[in-house]
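What follows is a single structure, written as structure tokens, with notes after it.
Just so you know, all these numbers are worked out from the coordinates, no wet-lab data involved. Every value quoted in this text rests on a predicted model; they were computed, and no experiment measured them. Cβ atoms come from the backbone with ideal geometry, glycine included; neighbour counts cover every protein chain shown.
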Amino acid sequence: MSDDDSTLMDLAGQVVEKARAQGATVAEASAGTGWELSTRVRLGEVELVEEAGTRSLSLRVIKEGRVAMTATSDLTPAGIQRCIDDAIELCELSEVDLHAGPAEAQLLAQGPFPDLDLFDPTVADVDANQALEIAKEAEAAALAFDGRLTLSEGAAFSRVTSTRALVLSSGFSGLTRGSYASLTVSPVAEDTDKKRRRGYYWTAKRHFSELESPTAVGEEAARRTLAKLGSRKVPTTEAPVVFESDIARSLLGTLAGCIVGSAVWRKSTYLLERENTPIASDLVTIVDDPLIPRAPGSRPFDGEGLASRRNLVVEAGVLKTFLLDCYSARKLNRTSTASAARSGGAIGPSTTNFILSAGTQSREDIVASVERGLYVTEMMGFGFNPITGDFSRGASGFWIENGKLAFPVSEVTISSTLDKILQNIDAVGDDLDLKTSTASPTFRTRSMTIAGA
């Protein structure tokens, strides 16, 4: 560990000791630092350069079944002591929760932890000038691609690095370091009806060398923008819908909120009582895997100190497990799946790398097999009810006729239930890309209501 890493571990350990000395039965401290850079250019001119460092300390204490959480960015001795004092005082005021408690000591991870290669020093070394040049190069490539592209909503490059230490009074201590960088380009073209059509493309990875080149990102953004020219509505109909990988990822994220333990014990998911039954077609296998090297959601241990593990959530369409932290596991009389995430002092179940496994068909082959349907490249709005599964969102993309993208489509609404969407999946693509911690390849669902003109 570096000196800075040792300092964070020492700080978290000292806070745990002091909280215990002041009467806490259980004390859990997380100390972290981070550095973020955000840049944006528009038409070659700099619009934003923002760089900031962060440092934080969060504390959770438990005493006689009472839980309290505090956090601070004031890491002076006085600020740290105030954080501890406030936690102890709040603990006295809170209600008893019989399910509250730390992870059982025998379940805690033991080092050495797996090296998942989550930190790239090259990302940390990208300064503002280099970030701006990357963004300018990407935007310039987009605008040079075609004479019809004379406007832009800009290009943005950002990067973040972080280090966090976790120390638990039950005997666990561990440290994680991570990096992440992204580049987005959004050119604009004017349509014949004077409407402005915006497209975009982006790349993101933990390691700088794995990002797509600025020129490639800009040119793909240009292609996607030009393809939108001439967009129109389609008559209301029932038809197959193909979800591009980025949009399929959004649908998978919607499902993620329905399979975490907190949704189950609160009875706020349509998947209650559905374990070991089909919830999707047999083409669908979904895993939550925090052990993938360099992946955005990877981690060696969870927010409660349990060793990370791969969870098979859906196997060939059958729901195999919910994702649980220790609290939701106790509420449901089960065992944690090592799915705890810690935000500040709060802990709850969450996904890591939540992935719909890739199929064998290319995106082009999936489209080619559709006689008449909609290829969705963007969705708008938040029309989803997790209790009933009802789904309705605005969409745009392309109309498919005889296996070809016939014309661009906008201002339509697609609706069904998430249950039917997943159970009607009849093709899964091979274009899985782990840009974010939730990832899916392109897939097709057999039928949805498409509301248009």
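Helix 128-144 and the long axis of the chain differ in direction by around 20°, with both axes built from C-alpha atoms. For segment 231-453, the spread of Cα positions along the three principal axes, ordered from largest to smallest, is 52, 34, 32 Å. For segment 219-307, GluC sites (Glu not before Pro) are listed when DSSP marks them as loop and at most 11 other Cβ atoms sit within 10 Å of their Cβ; the list is 273. When +1 charges are put on Lys and Arg Cβ atoms and -1 charges on Asp and Glu Cβ atoms, the dipole computed for the chain relative to its Cα centre reaches about 1100 debye. Scaled against the 2.2 N^0.38 Å expected of a compact globular protein of N residues, the Cα radius of gyration of the chain reads 1.07.
Spatially, segment 27-64 and segment 283-317 are offset by 25 Å when compared through their Cα centroids. Near the amide H of residue 109, within less than 5 Å, lie the amide hydrogens of 306, 307, all on another chain or at least 5 residues away, with H placed in the peptide plane. Between 0 and 90 degrees, the angle of helix 245-256 with respect to the longest Cα principal axis of the chain falls at about 40 degrees.
Sequence gap at least 6, Cα distance under 8 Å: using those rules, report the relative contact order of segment 1-82 to the nearest whole percent.
On the way: 115 pairs, mean separation 19.7, N = 82.
It rounds to 24 percent for segment 1-82.
With contacts taken as Cα pairs under 8 Å and at least 6 residues apart, segment 248-350 reaches a relative contact order of 27 percent.
I want the antiparallel fraction of DSSP beta bridges within the chain, as a percent rounded to 5. Bridges in the chain that DSSP calls antiparallel: roughly 95 percent.
Along the axis of the charge dipole computed for segment 160-261 (Cβ charges of +1 for Lys and Arg, -1 for Asp and Glu, origin at the Cα centre), the listed residues 189, 178, 255 are led at the positive end by 189.
Take every pair of alpha-carbon atoms less than 8 Å apart whose residues are at least six positions apart; their mean separation over the length of the chain yields a relative contact order of 15 percent.
Can you tell me the orientation of helix 3-21 relative to the chain, as the angle in degrees between its alpha-carbon axis and the longest Cα principal axis, to the nearest 10? Taking the Cα atoms of the chain, the angle to 3-21 is about 50 degrees.
How long are the semi-axes of the equivalent ellipsoid of segment 3-226, taking √(5λ) for every eigenvalue λ of the Cα gyration tensor, in whole Å from largest down?
Value: 47, 18, 16 Å, ordered largest first.
Over all other residues within a Cβ to Cβ distance under 15 Å of residue 154, the charged ones net out to -2, with Lys and Arg as +1 and Asp and Glu as -1.
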